[in-house]
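This report concerns only the one structure given below.
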Amino acid sequence: MLVMEVLESLGYKVQKSDIRTGQDFLTINQPAQAIISNPPFSLADEFITHALSQSPIVCMLLRATFWQAQKRNEFFKANSPAYILPLTWRPDFEKKGSPCMEFAWTVWLPDDNITKYVPLNKLKNINALNQKTFIQ
């Protein structure tokens, strides 16, 4: 189950955008309560900047090494996230088995720019999720 499907099942209104469907996130100017994205790697900086201009809560699924680049040092200082949440497994997005890339969620919250690093464990049963899981 995708994040947006989980949120919809909990009663949240979800607006989706995807360049493949003609909706380019970088051109959408519509404030939102929260923005969750898996941005294209080459545009991640732009996605983060745009998302932060549209919402107080932003969650981006990034390469685990995203913040290790020297060129992002100043960007990190200017846009310090509340959380970096590395996945303790490698998601197989393409269903081809044995993915080699590691990912981490980076989360920005209002008035919280002290970055916490918390590894996430893979859920064995996504259907067991409840609203409390998302707001802890």
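To keep it simple, each residue is scored yes or no on (1) within 24 Å of Leu10 (Cα to Cα); (2) at pLDDT 90 or above; (3) of a type in the set (A, V, I, L, M); (4) out of contact with any helix residue (DSSP H, G or I) (no Cβ under 9 Å at 6 or more places or on another chain).
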| position | (1), (2), (3), (4) |
| --- | --- |
| Pro31 | yes, yes, no, no |
| Pro40 | no, yes, no, no |
| Arg72 | no, yes, no, no |
| Leu87 | yes, yes, yes, yes |
| Ser98 | no, no, no, yes |
| Met101 | no, no, yes, yes |
| Thr106 | yes, yes, no, no |
| Thr115 | no, yes, no, no |
| Asn127 | yes, no, no, yes |
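So which residues in the range 13-25 are polar (S, T, N, Q) and either under 21 Å from Phe66 (Cβ atoms) or surrounded by 10 or more Cβ atoms within 10 Å (Cβ to Cβ) (or both), if there are any at all? Give the steps one after another, and end with the answer.
So the first thing to find is which residues in the range 13-25 are polar (S, T, N, Q), and the list is 15, 17, 21, 23.
Matches in the range 13-25: Gln15, Ser17, Gln23.
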With respect to the numbered conditions (1) surrounded by 14 or more Cβ atoms within 10 Å (Cβ to Cβ); (2) closer than 21 Å to Cys100 by Cα, which one is the sole condition not fulfilled by Phe41?
(1)
When residues of the range 40-79 are filtered for being among the polar types (S, T, N, Q) and closer than 22 Å to Phe25 by Cα, how many remain?
6
Mind checking which residues of the range 53-83 are of a type outside the set (Gly, Ala, Ser) and either in contact (Cβ under 8 Å) with a residue 40 or more places away in the chain or touching a Lys or Arg at 6+ places or on another chain (Cβ under 7 Å) (or both)?
Pro56, Ile57, Val58, Cys59, Met60, Leu61, Leu62, Arg63, Phe66, Tyr83
Tally the residues that are at negative phi and part of a loop (DSSP other than H, G, I, E, B), restricting the search to the range 13-27.
8
Residues in the range 45-52: is at least one loosely packed, with under 14 Cβ neighbours inside 10 Å, free of Cβ contacts under 8 Å to residues at least 24 places away in the same chain, over 22 Å from Leu109 (Cα atoms) and over 13 Å from the mean Cα position of the chain (by Cα)?
no
Is one or more of the residues making up the range 26-34 surrounded by 11 or more Cβ atoms within 10 Å (Cβ to Cβ), touching a residue at least 24 places away in the same chain (Cβ under 8 Å) and closer than 23 Å to Asn121 by Cβ?
yes
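Looking only at the range 1-12, filter to residues that are assigned to a loop (DSSP other than H, G, I, E, B) and in contact (Cβ under 8 Å) with a residue 24 or more places away in the chain; which one of those is nearest to the chain's Cα centre (by Cα)?
First, pick out the residues of the range 1-12 that are assigned to a loop (DSSP other than H, G, I, E, B): 1-2, 10-12.
Then keep just the ones that are in contact (Cβ under 8 Å) with a residue 24 or more places away in the chain; that gives 1, 10.
On the way: Met1: 15, Leu10: 18 Å.
Looking at the filtered set, the residue picked out is Met1.
The values are calculated or read from the model by the stated rules, or taken from the named source; none is laboratory data. Being a predicted model, the structure only gives us computed values, none of them experimental. Cβ sites come from the backbone with ideal geometry, for glycine too, and all protein chains shown count toward neighbours.
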